[in-house]
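Everything below concerns the one structure shown next.
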Amino acid sequence: MTKKISLLAMVLMLGACNSTTNSNQFTSTTSTNSPIPSTSPTPSTVAELPDLQCQGEVPQAVKATLGEHRLAKESDFVPSIRNFKSSETPNQKFTCSIFSADFNQDGLKDYAMLLVAEETADFRFQIALNQGNEKFERSLVKDYRRITKPEEGVIYTSMDFKPAGEKGLANRKYSPLKAESSEEKTYINTPAIELWKVSKTDEPPKQLDVDSLAYCSEALYFVEGKQKNFAVCD
């Protein structure tokens, strides 16, 4: 009787072991074939816009605003500007064609550019304002008529970037912004573009020497989303 009970116990124990083994095999197979969730971050689908100061390549998303124009090259400037060296700022370049900044202060990167028309070689200044979602809109467009042959260089202005916190043209003797006024403080605290011009009007120059081309300068900027500008001659 004792032997029968022992034999029955052994049979039950073997059955339990086989059941456990099959269960483990099933669980292992299922785990091996199941996809393992990825913990790595998903890469952004929007390319980061480059920070360009003076020269560089127009970002792909900005090119839609160029129309029939291309970004200006150093050879597109008249010789007097190409060869000019300032004793006050010896490291400054006067043939800059592109600057990036948040010009309208909405938290997005914008681009100010000097452009040349592919067919006519007339030239243009414009700011491409970032609308988000890789879309840009033309703003502050100024068109210039060339007065020289294209192979001689056509651009007779020079573009400079004034970062927020610097006085720029507000520091000029005949600035129309009164010292310590709210207008001057706003300009100082705002990123701006400053362009050479021969007079307060937009007439083409009669002479192409630097003293004539840079006799006046114009500031272009935004205040609460609205375009602002002023000119200084001295």
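The values are calculated or read from the model by the stated rules, or taken from the named source; none is laboratory data. Everything quoted here is computed from the prediction, not taken from an experiment. Heads up, the Cβs are rebuilt from the backbone with ideal geometry, glycines too, and the neighbour counts pull from every protein chain shown. For accessibility, only protein heavy atoms count, side chains too; no ligands or nucleic acids. Shrake-Rupley method; radii C 1.70, N 1.55, O 1.52, S 1.80 Å.
Of note:
- Prolate/oblate/rounded label for region 77-234 (Cα gyration tensor, a/c 1.5): oblate
- Cα-based shape type of region 48-89, given that a ≥ b ≥ c are square roots of the gyration tensor eigenvalues and the cut on a/c is 1.5: oblate
- Ordered by solvent-accessible area of protein heavy atoms (1.4 Å probe), largest first, the residues Y174, Y187, Y144 come out as Y174, Y144, Y187.
- Residues whose placed amide H lies under 5 Å from that of S158, excluding near-sequence neighbours: W196
- Of the solvent-accessible surface of region 61-108, computed with a 1.4 Å probe over protein heavy atoms with every protein chain present, carbon and sulfur atoms account for 48 percent.
- Remark: region 48-133 carries 49 Å² of accessible area per residue (probe radius 1.4 Å; ligands, DNA and RNA excluded).
- Residues of type aspartates and glutamates that K135 reaches as a straight line, Cα spacing below 20 Å, ignoring anything fewer than 8 places off in the same chain: E48, D51, E57, E68, D102, D106, D110
- Karplus-derived HN-Hα couplings along region 214-230 (A = 6.51, B = -1.76, C = 1.60, θ = phi - 60°), whole Hz, x at Gly and Pro: 9, 4, 10, 9, 10, 9, 10, 7, 10, 10, 6, x, 9, 6, 9, 7, 7
- Note on K85: aspartates and glutamates with a C-alpha under 14 Å away, same-chain residues under 8 apart excluded, are D209, D211.
- One equal scatterer on each Cα of region 107-195, no solvent, Debye formula: the resulting log10 I(q)/I(0) at q = 0.12, 0.17 Å⁻¹ is -0.51, -0.87.
- Per-residue ³J(HN,Hα) for region 167-173, Karplus 6.51 cos²θ - 1.76 cosθ + 1.60, θ = phi - 60°, Hz, x for Gly and Pro: 7, x, 5, 5, 8, 6, 4
- Electrostatic dipole magnitude of region 83-131 [Cβ: Lys, Arg +1; Asp, Glu -1; Cα centre; debye, to 20]: 240 debye
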